[in-house]
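Before any comments, here is the structure.
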Amino acid sequence: MILFPAIDLKGGQCVRLKLGDMQQATVYNTDPSAQARSFEDQGFEWLHVVDLDGAFAGHSANGDAVEAILKATDNPVQLGGGIRTLDHIEAWLSRGLRRVILGTVAVRNPALVIEACRKFPGHVAVGIDAKGGKVAVEGWAEASELGIIELARKFEGAGVAAIIYTDIDRDGILAGINWTSTLELADAVSIPVIASGGLASLDDVMRMLEPDARKLEGAISGRALYDGRIDPKEALALIKAARTKETA
């Protein structure tokens, strides 16, 4: 079980959105690379990065900030937002990124995702962002008619490293993770699922350590970490204790 701290990039700064609305962005750090180092120093093992501008533009828009993050931390980094081509995937992986997250292109061109998994095994994740139970694309700005599980099943057996599932209706408002739909997705596919959107407190961390949630790869936390609602030391201690118990 992994707790992924999130760095969302807008205009080169580390921000958090409310309900996926780019007009409701709170700046938490003007130096994303310093934030990446801070998360590593706190004991986190991974870093989740989203190029928000890139997600809307359809191409990388915060490349300099992402490269600075990669240089600043030894932790593996997964990146989503505006990654739409095989060349773009290869370029980021060659710079040291551990995983690319494909969202809009997974809806628009699932064959490209399958080809990317074949070409870059273990380095491709799929981002499924849902609003009102339907998959959203183009930086959450457009709704599709696809259901969450329907989309996820398109990639069974393709070699997708993980599915990052975000409930947009809970993102950035500290309402707690939508455990019902997250665990339904995890039950429906064999691909590891990472929960995202709404993680609010240590109660959510403890919930993801319950037996029925152990199938998850982990969860992403953003605003709750920045606002101090989750103490990193306490959260990581809970996860470490759960791991020790599993291996005992």
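Some observations on this one:
- Pairs with Cβ under 8 Å, 6+ apart, first in the stretch 35-48 and open to solvent by 80 Å² or more (accessible area, probe 1.4 Å), second aliphatic (A, V, I, L, M): Arg37/Ala72; Glu45/Ile2
- Set Ala195, Ala188: member being among the small types (Gly, Ala, Ser), more than 27 Å from Asn29 (Cα to Cα) and touching a helix residue (DSSP H, G or I) at 6+ places or on another chain (Cβ under 7 Å): Ala188
- Odd one out for Tyr28 among (1) within 20 Å of Arg95 (Cα to Cα); (2) in contact with a Cys (Cβ under 9 Å, 6 or more places away or on another chain); (3) open to solvent by 60 Å² or more (accessible area, probe 1.4 Å); (4) not aliphatic (A, V, I, L, M): (1)
- Qualifying residue in the stretch 125-140 (condition: modelled with pLDDT of 95 or more, touching a Leu at 6+ places or on another chain (Cβ under 6 Å) and under 21 Å from Arg84 (Cα atoms)): yes
- Flag for Val160 being outside any strand (DSSP E or B), open to solvent by less than 30 Å² (accessible area, probe 1.4 Å), modelled with pLDDT of 95 or more and of a type in the set (A, V, I, L, M, F, W, C): yes
- Verdict on Glu217 being closer than 27 Å to Tyr28 by Cα, acidic (Asp, Glu) and modelled with pLDDT of 95 or more: yes
- Residues that are open to solvent by less than 20 Å² (accessible area, probe 1.4 Å) and in a loop (DSSP other than H, G, I, E, B), drawn from the stretch 183-208: Val189, Ile191, Gly197, Gly198, Leu199, Ala200, Met208
- Scan the stretch 63-90 for residues that are farther than 16 Å from Pro5 by Cβ, open to solvent by 20 Å² or more (accessible area, probe 1.4 Å) and not in a helix (DSSP H, G or I) and the total you get is 2.
- Single condition Pro5 does not satisfy, out of (1) part of a strand (DSSP E or B); (2) modelled with pLDDT under 95; (3) crowded, with 23+ Cβ neighbours inside 10 Å; (4) not aromatic (Phe, Trp, Tyr): (2)
The values are calculated or read from the model by the stated rules, or taken from the named source; none is laboratory data. Computed from a predicted structure; not experimentally measured. Virtual Cβ from ideal backbone geometry, glycine too; neighbours counted across all protein chains shown. Surface accessibility is based on the protein's heavy atoms, side chains included, excluding ligands, DNA and RNA. Shrake-Rupley method; radii C 1.70, N 1.55, O 1.52, S 1.80 Å.
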